[in-house]
């Protein structure tokens, strides 16, 4: 027992934190009406994914660098997601003055 | 590690004061040495003016974060072989994170008072500072290439034979552009400036303003120490002890940065944006490519 | 605390200058005076210096400015008749003594400390608009999307009056601006600049004013380099070059409501500063005469 | 010490992640998300991955700064003067999020996780560098090319010039339903503002 009440930094505890981030992110992505807030939910889920990847790398891969590589790829995915997401938001806003999900029930021109 | 932290904390106040003195030289006001202290004391005795519906927490904390980022950035600078406050294998990346967070903090400083000029300053600053930061990343990678390491200590050791300033002459001038942006001065002071009535600090007064100016001076010290380390060989030098060399080089970079801030005019932001993306960023690519060719075995 | 106070005793007095008619050139002489520091915003100031006559139409604006100085604060009227019954009067060429005396005093609020517009509390959400949009909470219209003239992304516009004592605008000039980001999309002149003496049309002070907006002092070598900071072929650059060479500039600007839209804030401030004060005043007065 | 730090940082990461969807100002929301990322980055540093951890902080600071700018641009509630809730299908979202969390936790607790920690003498950053520019160079380069393509695509998408002329030029926008009333701003209503008043 330590000052943390027995909680230690193990693979299980790291993964539970990651699961919590993914759960909150999913809630946000589903519940938010604004596109920008929706993307925040996706980012939070990817945040959890990075944590899980780094956790697995640290505790179960024996230091093989591929785990870190995967985390870097996820970061690149985040950058791509945000750039394309914001570009689409701007494009849709120019076209329809819409920045909320309900105003885009159709993608037809 | 603890010793290095102590030395840094001891050296910072006099260096911050030196930065304020440099800022005063040539303004024709006299009282070079005592003036900054007196003005600071007078500011501390003034009240903090409220604004309408501000973000109180961020308004209160922004100067503190700015100062903290300066300290964290300073902590990766080695004072002598093996004498580093935070001995990371990725010191340069940590410095980069401090740069990025500085942009966030300046934005918060302008956003939190809920007033037009601070917000305009915050917006302008972000638009200019993000590409300036990008620039510094390429320049710092160039500094790290000969060392084959992201550790700041290794970057210094790789300069034993020849300083990076000689090996990659474009590096320091380009890095200075970032320094001007980080420390909100002269041609890169898009957060403030006379045309925005002080920009992000237009609504600040009293101790909050004093703290912001102190943090700005501390960031100048941190930037100068980093520039001296990455391009001027840090603690390396003959005869004198290492930390003294670092101190002298830091003071030299500080003086050069202040002078550059006085000499170059601030462009309208659109023109500066073009300059950054069309001229300075390609220059930093060229710098990186040259360094890469140079270190090819 | 007493150490701090004794240290602060030797500090420079931060002064915000509200410039009235004929006050521009005299205030320039204060810029390098030891013991004083002219600041860009009333929040940084200890003393409000009213330099030159401010007409009664701007009395309310001046009183609001007074309220923006944190207390303790003081007012000095320099070559200006009092508009409200506070502060010291300074005549002659040097107000330093009066400013020093004023810096020992404190003045209460000139205006009652009330919000300019109370919370309306109309409608389901209190702001008085339809649904969640619109309305005028606290007397200010809720921001609404409006046309953007630069790249057509129609986001919320910000409408406000800027002036008449803003340090980056010619003194007395009050503009009703609509801003998209920092780009001006519509402009109206609410009040023309004050008349200034002939000496403020001289090349030296004009160049110095413009260079100050660009963050540098008026040394010749720097001023030459500063030309490169302005867009090539622009009128601003041409006029600054003329001033730096010591030539007078007698161009009259286009009417402001036509010329300002499309410029960003910095460009607009520099453009306004690139005309001699008398010519700018003439351009602002002409539409009224017509 | 490490465990205590881990506990504090994970609590911070989860709490600020939760606050993202609870604060009323979008700028605050994006900086709450930044705090969450910083906490995760510091946990990664604790987990002996200093490069990943600090690079996360660095990247996310920039990304959230841009996010905050977009937030302000598209914010429907300037200055938080109007109380408004921009949430839909709240119950469904909460249940789905909760289920996802529970399922993941169950998977973590029930599965037999391999234990093969990083050896203390491993040089994580050096290994990563050799991997990136050695065996996995193709992956790394592909990521680079993808980012380049993204940059070009984002500029094309968000620029004013669209496929059929200027994307905002005066023509009537298409309807939200086939043959329906035009969406977006209607000039007849005398001024560009949002037509949609959903919420609640």
Degrees separating the helix B:281-295 axis from the principal Cα axis of chain B, which is the longest one | 20
With each label point set 7 Å from Cα along the Cα-Cβ vector, what nm distance links residue C:4 and residue C:63?
-> 3.4
Mark the label point 7 Å from the Cα of residue C:227 along Cα→Cβ and return the residues of region C:247-266 whose backbone N is within less than 15 Å of it.
-> C:247-249
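With a cut-off of 8 Å between alpha carbons and a minimum separation of six or more residues, what is the relative contact order of chain C in percent? List each step's numbers first, then the result.
Values: 523 pairs, mean separation 37.4, N = 290.
Result for chain C is 13 percent.
Pairs of alpha-carbon atoms within less than 8 angstrom and 6+ residues apart define the contacts here; what relative contact order does chain B have, in percent?
With pairs under 8 Å counted, the relative contact order is 26 percent.
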Put in order of increasing Cβ neighbours within 10 Å, starting from the fewest, C:40, C:55, C:148, C:91 give C:91, C:55, C:148, C:40
Just need the relative contact order of region A:11-104 here, percent rounded to a whole number, with Cα pairs under 8 Å and 6+ apart.
-> 28
Would you please classify the overall shape of region D:1-74 from the alpha carbon gyration tensor, given that a ≥ b ≥ c denote the square roots of the eigenvalues, rounded means a/c under 1.5, and beyond that prolate means a/b larger than b/c while oblate covers the rest?
-> oblate
In the protein assembly as shown, what % of DSSP beta bridges are antiparallel (nearest 5)?
-> 55
Counting other C-beta atoms within 10 Å, which of C:94, B:23 has the fewest, and how do the rest follow?
-> C:94, B:23
Fraction of antiparallel bridges per DSSP, chain C only, in percent to nearest 5 | 45
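What average count of beta carbons from other chains do you get within 10 Å of the Cβ of residues in B:264-277?
Values: counts 8, 15, 9, 9, 15, 5, 8, 8, 2, 0, 1, 1, 0, 0.
Going residue by residue through B:264-277 and averaging, the value is 6.
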Packing-based exposure ordering (other Cβ within 10 Å, fewest first) of C:243, D:15 = D:15, C:243
Zone of residue B:10's modelled label, taken as backbone nitrogen in region B:226-257 under 14 Å from a point 7 Å along Cα→Cβ = B:243-244
1/(1 + (r/R0)^6) with r = Cβ-Cβ of residue D:90 and residue B:239, R0 = 56 Å, i.e. FRET efficiency to nearest 0.05, evaluates to 0.20
FRET efficiency for residue C:84 and residue D:122, using Cβ-Cβ distance with R0 set to 56 Å, rounded to 0.05 | 0.15
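Since every read-out is calculated from the coordinates, none of them should be taken as a lab result. All values reported here derive from a predicted model rather than from experimental measurement. Heads up, the Cβs are rebuilt from the backbone with ideal geometry, glycines too, and the neighbour counts pull from every protein chain shown.
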